[in-house]
Amino acid sequence: MLPKNWTTITEFIIVGFTGLHPDYYGLVSAIFFIVYMTRVAGNMVFLVLFITSESLRKPMYIILTSLAMSDMCFSTVALPKIIARYWFNPGATPFVGKSLPNG
C-alpha cells in the first residue's frame with residue numbers, strides 16, 4: 001500500500017557556482033563551451049581513427065572506444081545543461097524519465 005503523503009518530483013534545479021557574480025557568467029559559460037567542444041572533437045577524432053584504421057582493432061582500443069563513446073554521451077547530457085544555465089538562465093530542468101511508475 002502506498003503512503004498517504006506522496007510527493008512527485010518533476011524537475012531539479014541547476015544552481016551552478018553559488019556566489020558567482022553575474023558579470024562572470026559569460027566567461028564561465030565560454031570556458032565550459034570550449035571544454036565541451038574539445039571533448040566532443042577529441043572523442044570524434046578517436047572514433048574516426050578507430051573506424052578507419054585496421055591496426056586499431058585490438059581489444060585495448062575497443063575498450064578505449066567504449067570509453068570515448070560513454071564520455072561523449074556524458075558530455076552531451078551534462079555540459080549543455082550547465083552552459084544553458086549561464087546563457088539562458090532556465091534554472092529548472094525536467095526529469096526525462098521517472099524512477100517509479102505511477103500506478
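The values are calculated or read from the model by the stated rules, or taken from the named source; none is laboratory data. Note that the structure is a prediction, hence the values are computed from the model and not measured. Cβ atoms come from the backbone with ideal geometry, glycine included; neighbour counts cover every protein chain shown.
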The one condition Val77 fails out of (1) surrounded by 14 or more Cβ atoms within 10 Å (Cβ to Cβ); (2) β-branched (Val, Ile, Thr); (3) at pLDDT below 85 is (1)
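Would you be able to tell me the number of residues in region 48-61 that are surrounded by 10 or more Cβ atoms within 10 Å (Cβ to Cβ) and assigned to a helix (DSSP H, G or I)? Walk me through it before giving the result.
Pass one, region 48-61, residues surrounded by 10 or more Cβ atoms within 10 Å (Cβ to Cβ): 48-51, 53, 56-57, 61.
Narrowing further to those that are assigned to a helix (DSSP H, G or I): 48-51, 56, 61.
Residues in region 48-61 being surrounded by 10 or more Cβ atoms within 10 Å (Cβ to Cβ) and assigned to a helix (DSSP H, G or I): 6 in total.
Counting just the residues of region 13-47 that are outside any helix (DSSP H, G or I) and small (Gly, Ala, Ser), which one comes out nearest to Cys73 (Cα to Cα)? Outline the logic, then answer.
Restricting attention to region 13-47, the residues satisfying the condition of being outside any helix (DSSP H, G or I) are 13-21.
Narrowing further to those that are small (Gly, Ala, Ser): 16, 19.
Details: Gly16: 21, Gly19: 29 Å.
Of everything passing the filter in region 13-47, Gly16 is nearest to Cys73 (Cα to Cα).
Conditions (1) surrounded by 12 or more Cβ atoms within 10 Å (Cβ to Cβ); (2) modelled with pLDDT under 80, marked per residue:
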| site | (1), (2) |
| --- | --- |
| Val15 | no, yes |
| Gly19 | no, no |
| Leu27 | no, no |
| Gly42 | yes, no |
| Phe46 | yes, no |
| Leu64 | yes, no |
| Arg85 | yes, yes |
| Asn89 | no, yes |
| Pro101 | no, yes |
- Looking at this structure, is Thr7 within 30 Å of Trp87 (Cα to Cα), polar (S, T, N, Q) and without any contact (Cβ under 8 Å) to a residue 24 or more places away in the chain? no
